[in-house]
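The values are calculated or read from the model by the stated rules, or taken from the named source; none is laboratory data. Here the structure is a predicted model, which means the values were calculated and not measured. Note that each Cβ is placed from the backbone with ideal geometry, even for glycine, and that neighbours are counted across all protein chains shown.
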Amino acid sequence: MPELPEVETIRLGLDELIVGKTIDQVLVINPSSFPNKSVEVDRYLIGASVEKLKRRAKILIIDLSTEYALVIHLKMTGQLVYVNHQHRFGAGHPNDSLVGSLPDKSTRVILHFDDNSTLFFNDQRKFGWVKILPKYLLTDTNFFKLYGPEPLQKKFNLATFKSQLLKHSKTSIKAALLNQSIIAGIGNIYADESLWLARIHPKSLIIDLTDDDVARLFKSIIAVLKLSLQKGGSTSRNYLDAKGNKGNYLKFANVYGREGQPCLNCGQPIIKIRVASRGTHICLKCQQLK
DNA sequence: CACTTGACCTGTCCGC
DNA sequence: TGCGGACAGGTCAAGT
């Protein structure tokens, strides 16, 4: 599920909701969802408070007041939803209905705070995970050493993007965008959206792209990610933010989920093909293979 | 070596 | 209505 805009939306929500709160209970309902949890690590968690929320690529980091952090990957269907039993958002806010419905059968880990509020880690497909790790390991030279640049950071520029792509010149551009070591945070939805906006066929080999193609793609990636972040991410099936809201980006999507519908640039029907063994949405007229 | 494919899981949808 | 198969936002290990 969550790609960069979704994880960032969750991070912003949790930043409002849980900073300063103290953990008083951790329940692991599905042990493989928290692979390094043990009785001993309870003492690093219980009594610790939440210091800061961070994100690197699609990974969320909850820095605690101790030497440790909770590191979370939501993979395809993970959710982190906060519920405060003393607080209602009101006016039909989706969070209010979660008060009674969580935990549910996809709840894998529960973090409980001493103000009686709760953070639920739900994950239908069980691919996601929570780990506790010492903060000092969570750097780009250690835990994140296989991750490429963050596309929304100021220091990410066209020259960096181009040199990252050229490390893998014989692969398709779509596979490259999905490769977290080339550029961090892009997944299937935003790969398709960025390639459509840049008018590039996803099967194009990197070596065949012109400088102009790469420049358009660079701009398109940033535009697409920023728009999605502004819309609170994409909800295709499962995604919810920390308050239980769905994302609104897919209403603005140009190709993802629009197979059979007219291309918003030329009117030809969008088709769905397979590239890098992922479902891939394109307009054949606007995105011609080189 | 660089690159691609299956496997991990659960649930849903579509065609017969 | 039931059943099998394909597919779903991600990432690895294992294959070519």
Pairs, please: C-beta under 7 Å, at least 6 apart or cross-chain, first residue farther than 15 Å from A:Ala48 by Cβ and in segment A:100-122, second hydroxyl-bearing (Ser, Thr, Tyr) and not in a loop (DSSP other than H, G, I, E, B)? A:Arg108/A:Ser33; A:Val109/A:Ser33; A:Ile110/A:Thr118; A:Ser117/A:Tyr82; A:Phe120/A:Thr107; A:Phe121/A:Ser33; A:Asn122/A:Thr107
Based on what the data block shows, is A:Arg125 assigned by TED's automatic domain parsing to the domain that holds A:Leu27, exposed (fewer than 15 other Cβ atoms within 10 Å of the Cβ) and of a type in the set (Lys, Arg)? yes
Scanning segment A:219-264 for residues that are under 16 Å from A:Pro202 (Cβ atoms), more than 16 Å from DNA strand B (Cβ to nearest atom) and not aromatic (Phe, Trp, Tyr) gives A:Ser220, A:Ile221, A:Val224, A:Ala253, A:Asn254, A:Val255, A:Cys263
Within segment A:278-290, work out how many residues are at pLDDT 95 or above and within 16 Å of DNA strand B (Cβ to nearest atom). 3
Quick check on my filter: what residues within segment A:90-102 are of a type outside the set (Gly, Ala, Ser) and either farther than 16 Å from A:Phe120 by Cβ or assigned by TED's automatic domain parsing to the domain that holds A:Gly247 (or both)? A:His93
Scanning for something more than 16 Å from DNA strand B (Cβ to nearest atom), outside the structural domain of A:Gly247 (by TED's automatic domain parsing) and in contact with a Pro (Cβ under 9 Å, 6 or more places away or on another chain), does segment A:109-118 turn up at least one residue? yes
(1) under 30 Å from A:Arg216 (Cβ atoms); (2) assigned to a strand (DSSP E or B) all hold for A:Pro151 apart from (2)
Restricting to segment A:139-164, and then to whatever is within 14 Å of DNA strand C (Cβ to nearest atom) and not basic (Lys, Arg), can you tell me which residue is nearest to A:Val224 (Cα to Cα)? A:Pro151
Restricting the search to segment A:153-204, which residues are farther than 18 Å from A:His281 by Cα and among the basic types (Lys, Arg)? A:Lys154, A:Lys155, A:Lys162, A:Lys167, A:Lys170
Every residue from segment A:72-96 that is in contact (Cβ under 8 Å) with a residue 60 or more places away in the chain, buried (at least 19 other Cβ atoms within 10 Å of the Cβ), of a type in the set (A, V, I, L, M) and more than 22 Å from A:Asp115 (Cα to Cα): A:Leu74
Single condition A:Ala184 does not satisfy, out of (1) in contact with a strand residue (DSSP E or B) (Cβ under 9 Å, 6 or more places away or on another chain); (2) more than 13 Å from DNA strand C (Cβ to nearest atom); (3) in contact (Cβ under 8 Å) with a residue 40 or more places away in the chain: (2)
